[in-house]
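Just below is one structure, and these are the notes that go with it.
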Amino acid sequence: MLTPIPEVERSTRRVVHHKGEHLVFSREQISRLFWRKIQKAAGGCWEWQAAKSRNGYGVLVLSRRSLYSHRVSYEIHKGQIPAGLHIDHLCQNKSCCNPDHLEAVTSRENTMRSPIAPAALNAVKTHCPHGHEYTPENTVVIKGGRGRSCRTCRRWHERRTEAKRKGLPLPATPDEGSERPYAKKENTR
């Protein structure tokens with residue numbers, strides 16, 4: 001049984017937004033094209049059964065324009081996607097078109113919800129690879145918001161670089177040689 005497309009201001013036509021353009025189709029056209037390619041699966045997902053992008057998202061072709069099926073589903077069932085927002089799959093299934101599994105969110109929120117995005121994986125880390133805690137005092141934020149690093153490990157790297165340049169023994173661990181015996185002495189005149 002097909003789920004009916006809700007009435008939108010008693011209109012018999014539905015607008016699908018694509019890259020700033022408004023493509024107008026009859027409700028019957030969209031319903032026919034969309035529902036022919038959906039299969040309801042376990043877990044409540046509406047699996048897209050037709051063409052998919054390289055990334056695994058469903059693709060619906062309307063008027064020789066390729067549209068992501070989840071975006072079409074969102075607009076059919078929930079309305080226009082707010083400007084600047086992305087559609088996030090709450091079920092983490094890229095081919096799902098169930099509007100209950102779709103949410104309009106910012107690009108950052110979409111990335112941070114991803115279980116595989118490097119930014120999301122790094123954001124949950126509480127310690128550097130050498131075991132130092134990321135605290136405000138021990139964290140250096142890289143310019144442009146491109147990440148963070150451990151201040152202790154950064155000083156260790158600087159000490160190793162300086163020791164190599166001067167031909168001195170290299171500190172083996174980030175905590176070894178933190179007193180910097182080879183640091184420049186200040187002039188006390």
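None of the figures in this text is laboratory data; all of them are computed from the coordinates on show. Just so we're clear, the structure is a prediction, and the values are computed from it rather than from any experiment.
In table form, for the structure just shown:
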read-out	value
Area projected by the alpha carbon convex hull of the stretch 82-178, averaged over all directions, nm²	9.1
Semi-axis lengths, Å, the stretch 125-166, gyration tensor of Cα atoms, sqrt of 5 times eigenvalues	21, 13, 8
Whole-Hz ³J(HN,Hα) from phi, Karplus 6.51 cos²θ - 1.76 cosθ + 1.60, for the stretch 99-110, glycine and proline x	x, 6, 9, 10, 9, 7, 9, 6, 4, 4, 4, 4
Global geometry of the stretch 13-115, whether rounded, prolate or oblate, following the gyration tensor of its Cα atoms and the 1.5 cut on a/c	oblate
In sequence order, calculated HN-Hα J values of the stretch 152-166 (Karplus, 6.51, -1.76, 1.60; Hz; x Gly/Pro)	4, 5, 5, 5, 4, 4, 5, 5, 5, 4, 5, 5, 4, 4, 8
Too-long pairs where the Cα-Cα distance tops 20 Å, listed order kept, from LYS125/LYS164; LYS37/LYS94; LYS40/LYS94	LYS125/LYS164
